[in-house]
Amino acid sequence: MKVLRINAIDTYPIRQQMLRPDSPIDKCKFDGDEEDQTFHLGAFMDNKLVSVASFYFEKHPDLEEPFQFRLRGMATLPDYQHKGLSTELLKMAFPIIKQNFCHLCWCNARVSATGFYQKVGFEKVGEEFDIPGIGPHLLMFKKLG
Ligand SMILES: CC(C)(COP(=O)(O)OP(=O)(O)OC[C@H]1O[C@@H](n2cnc3c(N)ncnc32)[C@H](O)[C@@H]1OP(=O)(O)O)[C@@H](O)C(=O)NCCC(=O)NCCS
């Protein structure tokens, strides 16, 4: 298994399959995908991209830390889940975020995935909210030492 930096466009097929199965690939582009401070990571097994995550320099209005990164588009193909790949992507991402003088990473977590985020050290904040067409979410964050 290898973790590498990838381009935004490389994330779109896995985003579409795992996060937006009913949407065209255009809807799998996120605001900020091409910003200078944004970075995208991918995990490769036998040279096949099987897990992705993207990180944006973006402050959440309800979180006080002045400089924050947002995690979005975290997904692993079904045959490769529960093998620690998303955890490896985060292990690679956190030092990069800290090098950018940011000590907090947050995400709007699907309720179905909150167990994963808790295992990797994220905490829940506030009440559940709905993202139309996608479902219930919770704001979660992790402080990065
Ligand atoms: C959530 C997701 C990204 C996790 O990816 P993964 O590569 O399987 O994660 P890991 O293997 O690194 O899992 C780390 C730990 O979290 C656990 N875990 C994984 N998915 C979980 C889930 N949905 N709920 C509870 N625990 C979960 C794993 O069992 C593992 O624990 P362990 O080390 O004790 O075995 C993956 O299940 C996925 O793509 N889901 C569909 C898309 C999605 O919902 N993305 C999140 C959007 S907010």
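Report, in listed order, any pair from Lys2/Lys119; Lys48/Lys143; Lys59/Lys124; Lys27/Lys98; Lys2/Lys59 with a Cα-Cα distance greater than 28 Å. Exceeds cut-off: Lys48/Lys143; Lys27/Lys98; Lys2/Lys59. Quick one: Cα centre-to-centre distance for the range 72-107 and the range 18-43, in angstrom? So the two Cα centres are separated by 14 Å. Taking the range 64-107 and a reference point 7 angstrom along Cα→Cβ of Met1, the backbone N atoms nearer than 18 Å belong to 74-95. Each residue of the range 57-73 was assigned a 3J(HN,Hα) from its phi angle through the Karplus curve 6.51 cos²θ - 1.76 cosθ + 1.60 (θ = phi - 60°); the sequence is 6, 7, 8, 8, x, 8, 10, 7, 2, x, 10, 9, 10, 9, 9, 9, x Hz, with glycine and proline shown as x. Multiplying each eigenvalue of the alpha-carbon gyration tensor of the range 28-109 by 5 and taking the square root yields semi-axes of 24, 13, 12 Å, largest first, rounded to whole angstroms. What the phi angles of the range 31-46 give under the Karplus curve with 6.51, -1.76 and 1.60, with θ = phi - 60°, is a coupling list of 3, x, 3, 9, 5, 4, 7, 5, 9, 10, 10, x, 9, 10, 10, 6 Hz, glycine and proline written as x. Note down the net charge around Val3, summing +1 for each Lys or Arg and -1 for each Asp or Glu among other residues with Cβ under 9 Å from its Cβ. Computed value for this residue: +2. How would you classify the chain from its alpha-carbon gyration tensor, with a ≥ b ≥ c the square roots of the eigenvalues: rounded for a/c under 1.5, else prolate if a/b is greater than b/c, otherwise oblate? Cα axes put the chain in the rounded bin. Amide H contacts of Phe57 (H built 1.01 Å from N, in plane; Pro and chain starts excluded): Thr38, Arg70 sit under 5 Å, all sequence-distant by 5 or more or on other chains. Just so you know, the averaged projected area of the alpha carbon convex hull for the range 85-125 sits at 3.1 nm².
No lab work stands behind these numbers, since they all come straight from the coordinates. Computed from a predicted model, the values in this text were never measured in an experiment. Quick reminder, even Gly has a Cβ in these numbers, built from the backbone with ideal geometry, and neighbours come from all protein chains shown.
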